[in-house]
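The values are calculated or read from the model by the stated rules, or taken from the named source; none is laboratory data. Predicted model, so just to flag it, every value in this text is computed and none were measured. Neighbour counts run over all protein chains shown; Cβ positions are idealised from the backbone, glycine included. Only protein heavy atoms, including side chains, enter the accessible area calculation; ligands, DNA and RNA are left aside. Shrake-Rupley method; radii C 1.70, N 1.55, O 1.52, S 1.80 Å.
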Amino acid sequence: GGWRCGRGADGAALRWCITGVLCASFLGLGLGVAVLGPTLPNLAANVHKNVTDIYYIFVGRSLGYLGGSVVGGVLFDCMNASLLLALSMLATTAGLYAIPWCKEPLLLTALMSVIGGSMGILDLGGNVLALNTWGSEAGPHLQALHFSFAAGAFAAPLLAKMALGGSEFEELPGAKKTNQSVLTDLPVPTASAASTAPALKDHQDEDFLWSYIIIGTYILLISIFFFVLYSKGSSAQDKSKASAKKGMLAKYHWPLVGLLFVFFLFYVGAEVTYGSYVFTYAMVFAEMKESEAAVLNSVFWGAFAVCRGAAIFGAAFLSPATMILMSLLSSTASSTALAFFAHYRALLWVGTAVYGASMATVFPSGISWIEQYTVIEGKSASLFVVGAALGEMCIPVTVGYLQGKFNHVPVVTYSAFVTSAMTLLLFPIMYKLAKIPQENDLKEVSDSETQAALLSNSRLTEDEEDEEDVREWNDADLEVIEMNDKLKNSLRDTSRKIPGDSPAEVSLQPHVDDVLGDSPVVAGGSPGRQNGNVDLEKNE
């Protein structure tokens, strides 16, 4: 018993270790994604281009991310999760170390694709490994992962500012917009590139290298931890758990995953779009000063990060469906205020904060929610991660294009309202679809219970029949014993009538003893009865 307790404690400790390493890796993922914003002018200067001319590095990173999500989905189903995550983080480290020394635009784009691919694998693998490790208890752990990402994205601009000696303070607003974005850095760096270029020329190149080297080294350390987990065989048991659950696939598994793909496309697209363009929107439509617009942008991401932190504890008490519904209702209410009542300055501030907070928990809660109804493995997870990546790519570009076409219309806030309405409509459909198989399962369960009851009843009737047979045999044996007693008494009576020690008594007594002592009276045993009958015949 003590050994079993020890094994259980070791298993729990290993699961917490996996969560810890995954959180640390997602912090690194956030740092790696967000450091691009404040260092973009340096990278542009390195390849002798303007900031506006290297937009294709974001496209390269997005395509890499999509590729990583798809390839990762296939690899996770046939390879150890910890090993794959360790290798993907090594690739990220190599890319981060190489980027600051890159002098060719094409090579820079290729490196960005490699980093994007390894980040896609990490994003997918982290969610799948957390689900496999914790199962139905994964809610708070998934929230912790995504909070770590937000914290990393928030910390990266500060790290870059320290490495650059404070000369790029103006880049901070743009950098904060890079959280989870792929095309988000374009509006602000273009505005401030001209003012920061002279400062950059005077700056030592080594300063800006440090932010990449620090983040690369941090990610290298995390990859070592993944190799340690691999040596412990952490995900072997998780694979067996996952394969054991394969029979629990929902009846409408792929339609459900497909709907979640569309749901995440709209949700992540909305989150990145507002985070990208709120700075520009505040300056153009709300006529704010640059510093005030930067604060509004920080309010959005600050509320986002704080709510993700709070959701770690909230997920322990609230079901994923409740959290999603609360988030969707909040985002719809706040986006309505932003779209139609943003001319009230107070509503713009409150709406932005509530919108940021309501966006925070949807992605991790969505993954926790679908895991309750069906099995999420590599291929299924890759589909909705790809959906999120496509939303991240397409919706900000579409909104940017429309905003350029319709200068006087606040397309940003209208798009926030439309995407919120879409997600609010999609979730009840997904919920209904997820519940259908459960009703069928209940029927199956009731059928199996009926069969079990019938089987147990048939067993009971068989047992009752056996008991009746036993009772019949016992009654027969008792009759034999009673007859034997009568016979014995009658023999004794006759022996008393014969005077002296007549040979009849001697000769008859052994027969009586034979009848009483030797006849085996066995409950339900017919031989005893047969022997008794033979002896009686002899006596007669």
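Placing a pseudo-label 7 Å from each Cα along the Cα-to-Cβ vector at Leu158 and His343 gives an inter-label distance of 3.9 nm. Taking 51 Å as R0, compute the FRET efficiency from the Cβ-Cβ separation of Gln372 and Trp210 and round it to 0.05. Using R0 = 51 Å, I get an efficiency of 0.70. Normalising the average separation of contacting C-alpha pairs (under 8 angstrom, six or more residues apart) by the number of residues puts the relative contact order of the stretch 250-435 at 43 percent. Both numbers refer to the Cα atoms of the stretch 288-331; Rg and Dmax are 13.9, 42 Å.
Remark on the stretch 250-435: Rg and Dmax equal 16.6, 54 Å (Cα only). The C-alpha atoms of the stretch 19-122 occupy a region whose extents along the principal axes are 43, 25, 18 Å, arranged from largest to smallest. Test of understanding: extend the Cα→C-beta vector of Val397 to 7 Å, then name every residue of the stretch 90-134 with backbone N under 14 Å from that spot. Of the residues in the stretch 90-134, none has backbone N under 14 Å from the label point off Val397.
Modelled label positions at Lys432 and Glu290, each set 7 Å beyond Cα in the direction of Cβ, lie 5.2 nm from each other.
A 1.4 Å probe run over the stretch 250-435, with the rest of the protein chains in place, finds 39 Å² accessible per residue. FRET efficiency for Val306 and Phe406, Cβ-Cβ distance as r, R0 = 51 Å, nearest 0.05? Result of the calculation: an efficiency of 0.90. Checking the cross-link pairs Lys49/Lys379; Lys232/Lys379; Lys103/Lys161 against a 32 Å limit on the alpha carbon distance flags Lys49/Lys379 as lying beyond it. The equivalent ellipsoid of the stretch 35-81 has semi-axes of 32, 10, 7 Å, largest first, where each one is the square root of 5 times an eigenvalue of the Cα gyration tensor.
Computed about the Cα centre, the dipole magnitude for the stretch 250-435 is approximately 380 debye when only Lys and Arg (+1) and Asp and Glu (-1) carry charge, each at its Cβ.
Can you tell me the mean projection area, over all orientations, of the convex hull of the stretch 329-446's alpha carbons? Units nm², please.
Values: hull surface 36.0 nm².
Over every viewing direction, the Cα hull of the stretch 329-446 projects on average to 9.0 nm².
Where the accessible area of the stretch 250-435 is counted over protein heavy atoms with a 1.4 Å probe, how much of it, in %, is carbon and sulfur? Of the solvent-accessible surface of the stretch 250-435, carbon and sulfur hold 74 percent.
Placing unit charges on the Cβ atoms of the charged side chains and taking the dipole of the stretch 250-435 about its Cα centre, the candidate lying farthest along the positive direction among Trp301, Ser291, Thr332 is Thr332.
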